[in-house]
Each structure stands twice: as structure tokens, then as C-alpha cells.
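Visitor: Submitted below is the structure of interest, expressed as C-alpha cells.
The values are calculated or read from the model by the stated rules, or taken from the named source; none is laboratory data. Here the structure is a predicted model, which means the values were calculated and not measured. A quick note on method: Cβ atoms are made from the backbone with ideal geometry, for glycine too, and the neighbour counts reach across all protein chains shown. Remember, those area values only see protein heavy atoms, side chains included, never the ligands or the DNA or RNA. Shrake-Rupley method; radii C 1.70, N 1.55, O 1.52, S 1.80 Å.
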Amino acid sequence: MRISARADYAVRAALQLAASQDGGPLKAEAIADAQDIPHKFLEGILNDMRRGGLVLSQRGGNGGYRLAEPAESISIADVIRTVDGPLVSVRGVRPPDLSYTGPAQSLLPLWIALRSNVREILEGVSLADVASAQLPPDVSALTNTPGAWANP
């Protein structure tokens, strides 16, 4: 599974907003600078997040962006889906819409299982969890499995 730059930047921008929820709206430039994200690219991402209902924008001198809901209510999956679409697809197709024949038939349940696990993790972690460095115990435990940090 690959996380696109767009999804990575969107999650990081949302985390920046989550960390400053009490301080009023943040300007896109401030988010871009804080997270080292190209400003123009971030503007497009923030617009998608606004259209998707994750952030609110406010114009004017005191304007900027803020989360539309509390950080506890927004999962990492919500952010990724808003900017990139489905969490797991194969050749751009959602797994239930695929079909295989012969020895490849068992690929479909494998892709479904993968999607289920990705959903379980990304839907189970909120912006607040990550912003506070308090990942759910089951997610933290996965980082301690043998080979979790190694690249095969």
C-alpha cells in the first residue's frame, strides 16, 4: 500500500489544525511553513478538505482554516478518503468489483482482508490520537512486531 504525497500532506495539515484548535483559524501559509508543504499544493488540498466537510475556511485578516469537527471525531481514514478516495483499490478498482479466475481466485479474499485491516487501523485512529502522540494500544502494538521497522 502506498500513501500518496497528497494524503500525507492532508493528514499533516489536519494534524496542524488539530494541534491549534483553540487558537482560531490558521492561514494556509502558516500550515505550509510548519509542515514543510508546498503552499500552492496545500491550497488545493485544503480546498478539497473544505468541500469534503473536514475543514472550514474563513476569509479576512483573521481568516484561515480550522477543523469542521473536533479532532476526536475525525479519523485518519476520513482525511485520506477526502483527498484520495478509497483507502484500498487494485488498479483503481475497489476489491468487491474485481473478479479473478483459476489460481488467482483467492486473490480477491486477500485484497478484501487487506482492505479490512487498513480500515480497522485508519478508521480507529483520530487526529486527536496522533496529535497527542497517544495511538490506540492495538496500533502501538503493531509497531513493536518483529520486522515492523525493517524494509525487506
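Visitor: Restricting attention to the stretch 108-120, and to residues there that are within 28 Å of Ser73 (Cβ to Cβ) and either out of contact with any helix residue (DSSP H, G or I) (no Cβ under 6 Å at 6 or more places or on another chain) or of a type in the set (D, E, K, R) (or both), which single residue is most open to solvent (accessible area, probe 1.4 Å)?
Guide: Restricting to residues being within 28 Å of Ser73 (Cβ to Cβ) and either out of contact with any helix residue (DSSP H, G or I) (no Cβ under 6 Å at 6 or more places or on another chain) or of a type in the set (D, E, K, R) (or both), the top hit is Glu120.
Visitor: If Gly61 passes every condition in (1) under 14 Å from the mean Cα position of the chain (by Cα); (2) farther than 19 Å from Ala128 by Cα but one, which one does it miss?
Guide: Exception for Gly61: condition (1).
Visitor: Continuing with this model, one more query. Which numbered condition trips up Ile45, out of (1) surrounded by fewer than 19 Cβ atoms within 10 Å (Cβ to Cβ); (2) out of contact with any His (no Cβ under 7 Å at 6 or more places or on another chain)?
Guide: (1)
Visitor: Related question: Would you pick out the residues in the stretch 1-42 that are in contact (Cβ under 8 Å) with a residue 60 or more places away in the chain, open to solvent by 20 Å² or more (accessible area, probe 1.4 Å) and either in contact with a Gly (Cβ under 7 Å, 6 or more places away or on another chain) or hydrophobic (A, V, I, L, M, F, W, C) (or both)?
Guide: Result: Met1, Ile3, Val11, Leu15, Ala19.
Visitor: Quick check on the stretch 121-151: of everything there that is in a helix (DSSP H, G or I) and either of a type in the set (S, T, N, Q) or touching a strand residue (DSSP E or B) at 6+ places or on another chain (Cβ under 7 Å) (or both), which residue is surrounded by the most Cβ atoms within 10 Å (Cβ to Cβ)?
Guide: The residue in question is Leu122.
Visitor: Can you tell me which residue in the stretch 21-45 is modelled with the lowest pLDDT, limited to those that are among the small types (Gly, Ala, Ser) and over 17 Å from the mean Cα position of the chain (by Cα)?
Guide: Gly23
Visitor: Still on this structure, I have one more. For residues in the stretch 83-110 being among the hydrophobic types (A, V, I, L, M, F, W, C) and without any contact (Cβ under 8 Å) to a residue 40 or more places away in the chain, which is farthest from Leu46 (Cα to Cα)?
Guide: That would be Ala104.
Visitor: Just to be sure, is Ser57 touching a residue at least 24 places away in the same chain (Cβ under 8 Å), surrounded by 13 or more Cβ atoms within 10 Å (Cβ to Cβ), in contact with a Lys or Arg (Cβ under 6 Å, 6 or more places away or on another chain) and not charged (D, E, K, R)?
Guide: It is true that Ser57 is touching a residue at least 24 places away in the same chain (Cβ under 8 Å), surrounded by 13 or more Cβ atoms within 10 Å (Cβ to Cβ), in contact with a Lys or Arg (Cβ under 6 Å, 6 or more places away or on another chain) and not charged (D, E, K, R).
Yes/no per residue for (1) within 20 Å of Ala5 (Cβ to Cβ); (2) at pLDDT 95 or above:
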{"site": "Asn47", "(1), (2)": "yes, yes"}
{"site": "Gly52", "(1), (2)": "yes, yes"}
{"site": "Val55", "(1), (2)": "yes, yes"}
{"site": "Val88", "(1), (2)": "yes, no"}
{"site": "Trp111", "(1), (2)": "no, no"}
